[in-house]
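Quick notes on the structure that follows.
Since every read-out is calculated from the coordinates, none of them should be taken as a lab result. Model, not experiment: these values are computed from the prediction. With ideal geometry, Cβ positions are generated from the backbone for all residues, glycine too; neighbour counts draw on all protein chains shown.
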Amino acid sequence: MRIGLIAMSGVRVRTKELAELGVTLPQFVNRGAVVASLPSLGLLTVAALTPDDVEVVYREIDELPGEGELEMFDLVGISSFSAMIDDAYALADSYRAAGVPVVLGGLHVTLMPDEAAGHADAIVTGGAEGAWPRLVADFQAGRMKPRYEGMRQDVFREPWYAKPRFDLLAGRPYNRVTVQTSRGCPLNCEFCAASLRITNSFQQKPVELAIAEIGEAIAQVDRPFLELADDNTFVNKKWGKQFLRALAPMNVMWFTETDISVADDPELLDMLADSGCRQILVGLESPDADGLAGMDPHDWKRRHADHYLEAIERIQSRGITVNGCFILGLDGDTPATFERVRDFVTRSGLLEVQLTVQTPFPGTPLYERLRREGQLLSDRYWDRCTLFDVNYRPKNMSVEDLETGMRWLFGEIYNEREFIRRKRRYMDILHENGTAERLATAC
Ligand code: B12
């Protein structure tokens with residue numbers, strides 16, 4: 001038996017003008033095509049959960065023959081994010097029309113299971129852990145069911161855990177690999193459409209497993225750069241220090257997403273720098289503390305906003321750049337907000353900035369609220385879930401204000417002169433702290 005796992009990879013920017021201005025989804029511009037071809041860790045995990053006697057083939061969507069031709073398999077599994085779900089459905093429909101049964105899984109399918117079920121012989125919601133092995137066994141026995149619910153907890157424990165099949169990446173042109181050390185995030189922000197939506201609670205991988213995966217992942221590619229595919233890696237500082245202690249000798253440069261509280265722990269910051277961490281992506285969301293009110297149930301982000309400037313300085317002085325993320329179009333935002341974001345970026349010394357528009361991804365609490373309030377611009381806009389398209393009426397400005405303000409802000413922040421200015425300032429901070437010299441002798 002031969003199973004084809006197909007990744008809907010690539011990035012999606014519908015607004016050409018913004019694309020030209022240069023969007024920096026974690027360093028979009030710099031990483032360009034490389035980032036777009038990050039492998040699907042979800043499908044490498046599904047592959048690992050497949051019984052050994054079944055052949056698994058991993059394909060990027062661009063590797064398929066195209067134009068009406070299909071590579072044939074006994075069963076096809078397709079992964080899903082919202083932005084390309086219609087392409088995923090079209091592919092699933094073609095396979096089914098050709099008589100090949102299709103399974104759909106992933107974030108979008110978990111959030112919109114009924115819709116997805118219309119394009120699949122079976123869907124998997126939640127993690128593949130606990131569902132995929134049963135599904136394959138049922139398929140082999142000729143009794144595959146239409147729906148399987150995967151594990152939403154204990155995913156990193158026996159018997160559910162499986163080490164992703166990084167070996168499937170061998171010989172492929174990647175130089176960035178992803179490893180997940182945790183799933184979910186205790187902050188529980190209203191807008192979050194990430195791994196939080198496939199878990200019941202924050203799940204953390206034991207350090208030994210995370211390190212073993214990293215070792216295997218980086219062994220597959222030349223000059224690897226590691227990305228942790230986490231939503232918030234350093235929630236638990238004790239775990240964080242154990243992890244960094246084990247990671248440091250591996251001599252790998254890496255990046256992750258975490259919250260601003262890492263800045264409160266000087267020892268952790270030193271360890272981050274010493275372990276090869278080159279950048280962390282932090283959801284600052286707004287320069288205005290009041291703009292963060294109600295974003296998460298404990299007002300965690302609002303309570304931390306007053307320390308943003310100091311925290312950024314502390315992190316960057318260690319030689320770890322902060323990619324500060326701002327969400328435009330929050331309830332508290334007005335047309336004056338764009339200038340405030342620009343001024344904050346100038347004051348903060350942030351080297352990298354990620355500007356995105358608030359996006360009501362289907363199935364999130366934000367989506368439910370805006371739908372209830374009648375603020376969504378259409379019923380179905382999944383292909384516009386790019387983080388750059390406006391899909392709702394903001395509270396304190398018009399849709400046009402938001403679009404115009406966003407374009408203006410992109411022009412202000414993503415231009416070469418500005419980037420050079422930010423880079424100079426960053427280098428000055430490094431020299432003042434003696435960090436530049438230390439980095440030059442490291443990695
Ligand atoms: C790496 C990454 C990428 C890579 C993806 C590479 C790839 N081929 O998968 C790249 C850079 C290409 C990318 C692109 C985009 N991304 Co992105 N990305 C991520 C990131 C950081 C990690 C995803 C990951 O690897 N998770 C770990 C794996 C293990 O989890 P998983 O995929 O959910 O898989 C598990 C289950 O879902 C399930 N499963 C998944 N697939 C399948 C399939 C089957 C058959 C089965 C049975 C089970 C199953 O089993 C897995 C194991 O339990 C997340 C943020 C985050 N921290 O989660 C954003 C994230 C997924 N991206 C997001 C977005 C918006 C985008 C873009 C639209 C950006 C843009 N404008 O271009 C594009 C869309 C691409 C597309 N093709 O649709 C959103 C998606 C939200 C949503 N609900 O759709 C996220 C959550 C970030 C955010 N801001 O909220 N991204």
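Using 0.36 nm times the number of residues separating residue 421 and residue 293, minus their current alpha carbon distance, what extension gain do you get?
Values: separation 128, 0.36 × 128 = 46.08 nm, distance 3.20 nm.
Taking residue 421 through residue 293 to full extension adds about 42.9 nm, to one decimal.
Over 10 Å intervals from 0, what percent of Cα-Cα pairs in segment 36-117 sits in each interval?
Cα pair-distance distribution for segment 36-117, in percent: 15, 52, 32, 1.
Please find the FRET efficiency linking residue 67 to residue 245, where r is the Cβ-Cβ separation and R0 is fixed at 45 Å, and quote it to the nearest 0.05.
Values: r = 52 Å, r/R0 = 1.15.
Between residue 67 and residue 245 the formula returns 0.30.
Just the Cα atoms of the chain, one point each, no solvent: what log10 I(q)/I(0) does Debye give at q = 0.06, 0.08, 0.13 Å⁻¹?
-0.25, -0.46, -1.25
Loop only per DSSP, at most 16 neighbouring Cβ atoms within 10 Å: give me the GluC sites (Glu not before Pro) in segment 341-378, ordered by residue number. Please report the intermediate quantities before stating the final value.
Working: sites: 352, 368, 373; in loops: 373.
Sparse-neighbourhood loop GluC sites (Glu not before Pro): 373.
Dipole of the chain (Lys/Arg Cβ +1, Asp/Glu Cβ -1, origin at the Cα centre): which of 54, 40, 272 lies farthest to the positive side?
My answer, from the dipole projection, is 272.
For segment 227-376, what D do you get in µm² per second when you plug the Kirkwood radius from alpha-carbon pairs into Stokes-Einstein at 20 °C and 1.002 mPa s? Don't jump to the answer; show the numbers that get you there.
Working: Rh = 16.4 Å.
Taking Rh from Cα pairs, D becomes 130 µm²/s.
Looking at the calculated P(r) for segment 169-293, what percent of the C-alpha pair distances fall above 16 Å? Don't skip to the answer; put the middle values down first.
Values: 4913 of 7750 pairs.
The calculated P(r) of segment 169-293 puts 63 percent of pairs beyond 16 Å.
Counting Lys and Arg as +1 and Asp and Glu as -1, each charge on the Cβ, what is the dipole of segment 82-186 about the Cα centre in debye, to the nearest 20? Can you show the working numbers first?
Values: 12 positive and 12 negative charges, 77 e Å.
Charge dipole of segment 82-186: 360 debye, to the nearest 20.
For the chain, what does -39500 (n - 2.57) per DSSP helix run (n ≥ 4), summed and divided by total residues, give at 222 nm, in deg cm²/dmol to the nearest 500?
Working: 17 runs with 161 residues, N = 443.
Helix contribution divided over all residues of the chain: -10500 deg cm²/dmol.
Using +1 on the beta carbon of Lys and Arg, -1 on that of Asp and Glu, and nothing else charged, what's the dipole of the chain about the Cα centre, debye to 20? Could the numbers behind the result be given before it?
Working: 49 positive and 66 negative charges, 103 e Å.
Its charge dipole is roughly 500 debye.
Please state the Cα pair-distance histogram of segment 136-203 with 5 angstrom bins from zero: what percent is in each bin?
It works out to 3, 12, 16, 16, 17, 18, 13, 4, 1, in whole percents.
Debye calculation, C-alpha points only, no solvent: report log10 I(q)/I(0) for segment 104-262 at q = 0.15, 0.18 Å⁻¹, in the same order as the q values.
Values returned for q = 0.15, 0.18 Å⁻¹ are -0.91, -1.19.
If you line up the Cα atoms of segment 290-419 on their principal axes, what length do they span on each, largest first, in Å?
46, 35, 25
Run the simple label-point estimate for residue 347 and residue 373 please: 7 Å along Cα→C-beta, distance reported in nm.
2.6
Net charge within 10 Å of residue 216 by Cβ-Cβ distance, Lys/Arg positive one each and Asp/Glu negative one each, not counting residue 216 itself? Walk me through the numbers on the way to the answer.
Working: positive: 163, 165; negative: 167, 213.
Surrounding charge for residue 216 is 0.
Can you check what the net charge comes to around residue 115, using other residues whose Cβ is under 11 Å from the Cβ of residue 115 (Lys, Arg +1; Asp, Glu -1)?
On the way: positive: 380; negative: 86, 114.
Local charge sum for residue 115: -1.
Suppose every Lys and Arg Cβ carries +1 and every Asp and Glu Cβ carries -1, with no other charges. What dipole size does segment 326-443 come out with about its Cα centre, to the nearest 20 debye? Before the final figure, lay out the partial values.
Working: 18 positive and 19 negative charges, 34 e Å.
Computed charge dipole of segment 326-443: roughly 160 debye.
Please state, to two decimals, what the Cα-based radius of gyration of segment 364-443 comes to when divided by 2.2 N^0.38 Å (N = residues). Can you show the working numbers first?
Details: Rg = 20.4 Å, N = 80, 2.2 N^0.38 = 11.6 Å.
Taking the Cα Rg and dividing by 2.2 N^0.38 Å, one obtains 1.76.
If I histogram all Cα-Cα distances within segment 222-293 using bins 5 Å wide from 0, what percent of pairs lands in each bin?
3, 16, 26, 26, 13, 8, 5, 2, 1, 0
Starting from segment 146-235, pick out the trypsin sites (Lys or Arg not before Pro) whose DSSP state is loop and whose Cβ has at most 16 other Cβ atoms within 10 Å.
Numbers: sites: 147, 152, 157, 165, 176, 183, 197; in loops: 152, 157, 165.
Passing sites in segment 146-235 are 157.
Along the charge dipole of segment 194-240, which of 236, 204, 214 sits closest to the positive end, that is, farthest toward it, with unit charges on the beta carbon of Lys, Arg, Asp and Glu (+1, +1, -1, -1)?
Projecting each Cα onto the dipole axis, the largest value belongs to 236.
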